Every structure is written in structure tokens, then in C-alpha cells.
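The values are calculated or read from the model by the stated rules, or taken from the named source; none is laboratory data. Since we're looking at a predicted model, the values are computed, not measured. Positions of Cβ are generated from backbone atoms using ideal geometry, with glycine treated the same way; all protein chains shown enter the neighbour counts. These accessible areas exclude ligands, DNA and RNA; they are computed on the full protein's heavy atoms, side chains included. Shrake-Rupley method; radii C 1.70, N 1.55, O 1.52, S 1.80 Å.
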Amino acid sequence: MRRQAIVLMAVGLVGAFLAVGPHLGAQGGQGRGRGEGQTVILEQAPTDRAIVIPTEKLAQYLKDMDAKKLQTLRMIEGGKFNVNIRRITNAETALIHPNTTDLWVVLEGSGTLTTGGLVESGKFVGGESHPIKVGDVVYLPAGLPHGVSGVNGNITWLNVRWDTDWPADSQPGAGNFQGRGAVAGRGPARGAVAGGEAPAAAAPRGGAPAEGRGRAGGGFPAPLEYAGSGEIFIPKERLDGYLKDMELKNVGTLRMIEGGRFNVNIRHIKAPANEFHDITADTWVVLKGAGTTITGFDRTPEGGRVDGTGVSTPAKVGDVFFIPGHFTHGFSALSAPDVFWLNIRWDINYAK
């Protein structure tokens with residue numbers, strides 16, 4: 001593999017120091033399970049633009065967190081969702097978020113993650129433990145006790161979080177797939193089709209079709225796992241294997257975790273592609289390759305991009321993107337034969 005997946009914090013990143021400005025506020029308390037100790041909020045989640053967080057900016061955020069002794073940096077606050085950096089140097093108190101799902105991508109360091117069991121006076125009684133390291137991806141469902149100990153120097157992770165209290169009658173967006181009635185279980189899926197608002201398909205050499213345009217069958221026949229009540233751990237080695245397999249089989253979307261109203265995917269394109277999700281927000285982490293993203297462009301009646309519209313931004317390994325719902329996005333150009341990104345998606349049609 002030309003570049004290692006998700007190794008976001010390469011030693012020696014340089015750039016101008018980006019101090020947290022005076023307009024940013026520090027917050028304490030839990031707030032629907034959000035934020036342990038002091039939490040600094042950088043910005044509110046927009047609805048009319050994407051947010052791009054290059055690896056250089058992430059690295060400077062870590063320096064600023066160390067200087068201010070912050071454990072949580074809330075890069076994006078959406079009320080019912082947020083995108084954070086968590087950075088700890090010692091064992092943390094066992095946590096339970098009754099209504100909030102977490103998706104972690106380990107950026108730096110290592111430690112031991114414990115999940116399950118009981119929590120008494122902030123400590124685990126029982127549960128299961130295993131090591132986590134750079135590049136690992138972890139899904140933690142709402143209500144699952146969890147915490148990190150055995151920290152080797154420090155451990156830092158990107159923490160994408162969303163509430164799970166969607167109205168029962170709200171339209172599903174992220175998980176609109178055949179066989180979605182089976183979402184409650186765990187383990188390999190059977191008889192369903194993955195791929196966003198339309199079934200998944202292999203990415204053609206001439207350009208990957210956008211999700212939501214009725215792709216034909218192909219690629220992986222179903223999500224690899226359904227989200228349930230337990231943790232799903234995807235080590236870096238397995239993630240790297242997925243990328244190799246997708247490249248070999250020319251697969252455009254691998255749905256690793258299906259949650260009905262959220263999912264966690266790997267996306268793979270070989271040519272420019274456009275997408276639009278009416279009620280679903282995305283957070284991307286670029287895993288391999290590079291290119292130019294295009295967001296906020298006007299659409300033609302056929303769903304393509306109107307030339308000359310939109311905002312272009314370079315994308316490379318380790319960059320993080322937040323894309324609001326009902327907002328056009330995609331890649332207008334590739335500077336590598338293949339581009340892969342981790343795509344974390346959840347519906348935003350919560351009760352008002």
C-alpha cells in the first residue's frame with residue numbers, strides 16, 4: 001500500500017500555529033453524555049458549507065490541547081451530534097452515554113479499551129478489554145460502558161458522535177437499504193444490499209456513480225455487520241485488508257457497519273464523482289490517495305454538477321471533512337489512481 005491508512009499524525013508536520021481564538025468558549029459538564037471535563041468548542045455545525053480539517057491543522061490542535069491541558073476539543077458542535085478530538089495521558093473514568101453513539105478513529109498513541117460490564121464509582125466491574133492503537137476504528141453503541149486505560153504516553157482519537165433518538169416515523173436516509181428490518185442484531189448481514197441510498201456497486205473505470213442514483217448490484221452483497229448493543233472493533237490491519245480487497249475487486253462502497261439511520265463505510269473511487277444526501281450528514285477521513293473535493297455546487301436536472309459552481313478543496317491522507325445534510329459534495333479531480341475514505345454517516349431529521 002502506497003500510504004498507510006489513517007496514520008494521520010505523521011511526525012514532523014509543520015505549519016503556522018493555529019491557536020484557539022478568543023471567541024471559543026470552554027464548557028464543562030456532561031450534556032447528553034457529551035464531553036468529559038473541560039471541552040472547548042471551535043465552531044457550530046454549518047448547514048450551508050463543508051468544514052475541512054487538514055492534517056496540519058489537526059496536528060496544531062494537538063499541540064494547543066497539550067498546552068492548555070485539554071482532554072476534549074470539540075471541533076464541530078451540532079447539538080445532536082459533534083466531531084471531537086479526545087486526547088488523554090492517563091486512565092479515564094468509565095463512561096456511559098445513554099443516548100449517544102460513538103465512532104472512534106485512533107490517531108496517535110495506544111491504550112487499552114474496556115467495554116461492557118458494570119460501572120461502580122467510575123470503575124469497571126467485569127467487561128472485556130483489548131489494546132487499541134493508531135489506525136484502529138471502534139464503534140460504541142449508546143448505553144455501552146466504555147473507557148480507556150493502560151495509556152502509553154498518550155492516546156488520541158477522532159470521536160464522531162450522534163444521538164439516537166430519531167422519531168420512530170421519521171424517514172430513514174443513511175440506512176435506506178433492502179433488509180433494514182434486521183438492523184437490531186449483530187454479526188454478518190444476510191439478504192441485504194449495502195451502499196447508501198442505493199445498492200452498492202463496483203466503481204467503474206470511467207467514474208463512480210453517485211450514491212442515490214440507483215446503482216446496479218455488485219460489490220459486497222450486504223453490510224459486514226449490523227450495529228447492535230455491543231462494540232464493533234476494526235483493527236488497522238483489517239481495514240488495510242479491506243482497502244486492498246476493494247481495489248482488487250474494484251468495489252465502490254464497503255458498508256462495514258449498518259445501523260438503520262447511520263452507517264460506517266469505506267468509499268473508493270477511480271474517477272470524479274458527485275453525491276447528495278437529503279437528510280444525512282457525513283464525516284470523512286481520507287485513507288488513501290489524493291484529489292480535489294467539490295462541495296456546495298449547483299446540480300443539473302440529471303444530478304450532475306453545474307460547471308463553475310461549488311468550492312474546491314485539496315484532499316490528502318488524514319484530512320477530515322464534515323459535510324452537512326442536503327449539501328452537494330464529491331470529488332472533481334483525482335491526483336492518484338484510487339481514492340479511499342472512511343465515511344461516517346447519520347441522519348439529521350431529529351424531532352424539532
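Of all the numbered requirements in (1) surrounded by fewer than 20 Cβ atoms within 10 Å (Cβ to Cβ); (2) touching a residue at least 40 places away in the same chain (Cβ under 8 Å); (3) over 20 Å from L144 (Cα atoms), L58 misses one, and that requirement is (1).
For segment 110-133, residues that are closer than 19 Å to T72 by Cα, at pLDDT 95 or above and surrounded by fewer than 20 Cβ atoms within 10 Å (Cβ to Cβ) total 3. Is it the case that some residue within segment 298-318 is part of a loop (DSSP other than H, G, I, E, B) and in contact with a helix residue (DSSP H, G or I) (Cβ under 6 Å, 6 or more places away or on another chain)? The answer is yes, given that some residue of segment 298-318 is part of a loop (DSSP other than H, G, I, E, B) and in contact with a helix residue (DSSP H, G or I) (Cβ under 6 Å, 6 or more places away or on another chain).
Among the residues making up segment 319-339, those that are open to solvent by less than 20 Å² (accessible area, probe 1.4 Å), touching an Asp or Glu at 6+ places or on another chain (Cβ under 8 Å) and either among the hydrophobic types (A, V, I, L, M, F, W, C) or not in a strand (DSSP E or B) (or both) are F321, F322, I323, P324, G325, T328, D338. For R345, the criteria (1) under 16 Å from the mean Cα position of the chain (by Cα); (2) modelled with pLDDT under 95 hold in every case but one, which is (2).
Quick one: count up the residues across segment 243-279 that are in contact with a Ser or Thr (Cβ under 7 Å, 6 or more places away or on another chain) and without any contact (Cβ under 8 Å) to a residue 12 or more places away in the chain. Residues in segment 243-279 being in contact with a Ser or Thr (Cβ under 7 Å, 6 or more places away or on another chain) and without any contact (Cβ under 8 Å) to a residue 12 or more places away in the chain: 0 in total.
Of all residue pairs spaced 6 or more apart or on separate chains, those with beta-carbon atoms under 8 Å, a first member in segment 302-327 that is farther than 18 Å from H277 by Cβ and a second member that is among the basic types (K, R) are V306/R299; V317/R3; V317/K288. Within segment 73-108, the set of residues being small (G, A, S) and at pLDDT 95 or above comprises G78, G79. For segment 61-84, the set of residues classified as farther than 22 Å from V286 by Cβ and either surrounded by fewer than 18 Cβ atoms within 10 Å (Cβ to Cβ) or not aliphatic (A, V, I, L, M) (or both) consists of D64, D66, A67, K68, K69, Q71, T72, E77, G79, K80, listed by residue number.
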